[in-house]
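Heads up: the structure comes next, in structure tokens.
The values are calculated or read from the model by the stated rules, or taken from the named source; none is laboratory data. Keep in mind that this is a model prediction, so the values were computed, not measured. Neighbour counts run over all protein chains shown; Cβ positions are idealised from the backbone, glycine included. Note: areas computed on protein heavy atoms with side chains; ligands, DNA, RNA excluded. Shrake-Rupley method; radii C 1.70, N 1.55, O 1.52, S 1.80 Å.
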Amino acid sequence: MSQDSDVYSKAVDLLAIREHSTKELIIKLQNKFPKFRDFNEIIERLQRENLLNNTRYAQAYIRMRAKKGFGSLRISQELKEKGITTEIINENISDEIDWYLVMQQAFKKKYPLGKADSLKDVIKQKRFLANRGFSFEEIESVFD
């Protein structure tokens, strides 16, 4: 068995477990096969066979993170770190997800008693939502 087929087989195994971005997959393969150099050929083959698809990865990632209560700003940043282009992010980040609803659910889960009375606690609640990746406008809409 050649090293090419070993690398390809490992890549297919990784993609069978879950979607990966191109960048993530290359990093994992480089760690597993440090002496192998021609990852581009493997990546191109996986893309031709539609086993590796950054758009499909971004869509799955956005849905998963939104279910966990994260906002579009944070998810966008995480996708950029994973090597997803701004174009793919922008095409998919607003599709079919009600970010206001995601934010309300995250807020209710963290603060079941609702909005705080003291200014100090309100600031803490707003900071929580900002850290989760919601925009200033979205956050303010909860507190109006």
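Contact map, the range 1-29: first residue closer than 18 Å to Tyr61 by Cα, second residue hydroxyl-bearing (Ser, Thr, Tyr), Cβ cut-off under 7 Å, separation 6 or more or different chains; pairs are Glu19/Tyr57; His20/Tyr57; Ser21/Tyr57.
Looking across Ile84, Ile75, one residue alone is within 30 Å of Ser21 (Cα to Cα), in a helix (DSSP H, G or I), at pLDDT 95 or above and under 16 Å from the mean Cα position of the chain (by Cα). It is Ile75.
Restricting to the range 27-41, give me the number of residues that are part of a helix (DSSP H, G or I) and open to solvent by 10 Å² or more (accessible area, probe 1.4 Å). Working first, answer last.
Applying the first criterion (part of a helix (DSSP H, G or I)) to the range 27-41 yields 27-32, 39-41.
Then drop every residue that is not open to solvent by 10 Å² or more (accessible area, probe 1.4 Å), which leaves 27-28, 30-32, 39-41.
Residues flagged as part of a helix (DSSP H, G or I) and open to solvent by 10 Å² or more (accessible area, probe 1.4 Å) within the range 27-41 amount to 8.
Test Phe128 against the criterion of being of a type in the set (Phe, Trp, Tyr) and part of a helix (DSSP H, G or I), and give yes or no.
Values: of a type in the set (Phe, Trp, Tyr): yes; part of a helix (DSSP H, G or I): yes.
When the stated conditions are applied, Phe128 passes them.
Output the residue which, of all residues in the range 116-140 that are among the basic types (Lys, Arg) and surrounded by 12 or more Cβ atoms within 10 Å (Cβ to Cβ), is farthest from Ile62 (Cα to Cα).
As a first pass, look at the range 116-140 and keep what is among the basic types (Lys, Arg): 120, 124, 126-127, 132.
The next check asks that each one be surrounded by 12 or more Cβ atoms within 10 Å (Cβ to Cβ); those that pass are 124, 126, 132.
Working: Lys124: 26, Lys126: 22, Arg132: 13 Å.
So the residue we want is Lys124.
Cβ-Cβ contacts under 8 Å between residues 6 or more apart (or on different chains), taken from a first residue in the range 30-41 that is free of Cβ contacts under 8 Å to residues at least 24 places away in the same chain to a second residue that is not in a helix (DSSP H, G or I), are listed as Gln30/Phe36.
Identify, please: which residue in the range 4-26 is open to solvent by 80 Å² or more (accessible area, probe 1.4 Å) and assigned to a helix (DSSP H, G or I) and is, among those, farthest from Arg45 (Cα to Cα)?
Ile17
Yes/no matrix, rows are residues, columns are (1) touching a residue at least 12 places away in the same chain (Cβ under 8 Å); (2) over 13 Å from the mean Cα position of the chain (by Cα):
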{"position": "Ala66", "(1), (2)": "yes, no"}
{"position": "Ile93", "(1), (2)": "yes, no"}
{"position": "Leu101", "(1), (2)": "no, yes"}
{"position": "Gln105", "(1), (2)": "yes, yes"}
{"position": "Leu119", "(1), (2)": "no, yes"}
{"position": "Glu140", "(1), (2)": "no, yes"}
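Number of residues in the range 54-70 that are surrounded by 17 or more Cβ atoms within 10 Å (Cβ to Cβ) and either closer than 15 Å to Lys23 by Cβ or out of contact with any helix residue (DSSP H, G or I) (no Cβ under 6 Å at 6 or more places or on another chain) (or both): the value is 5.
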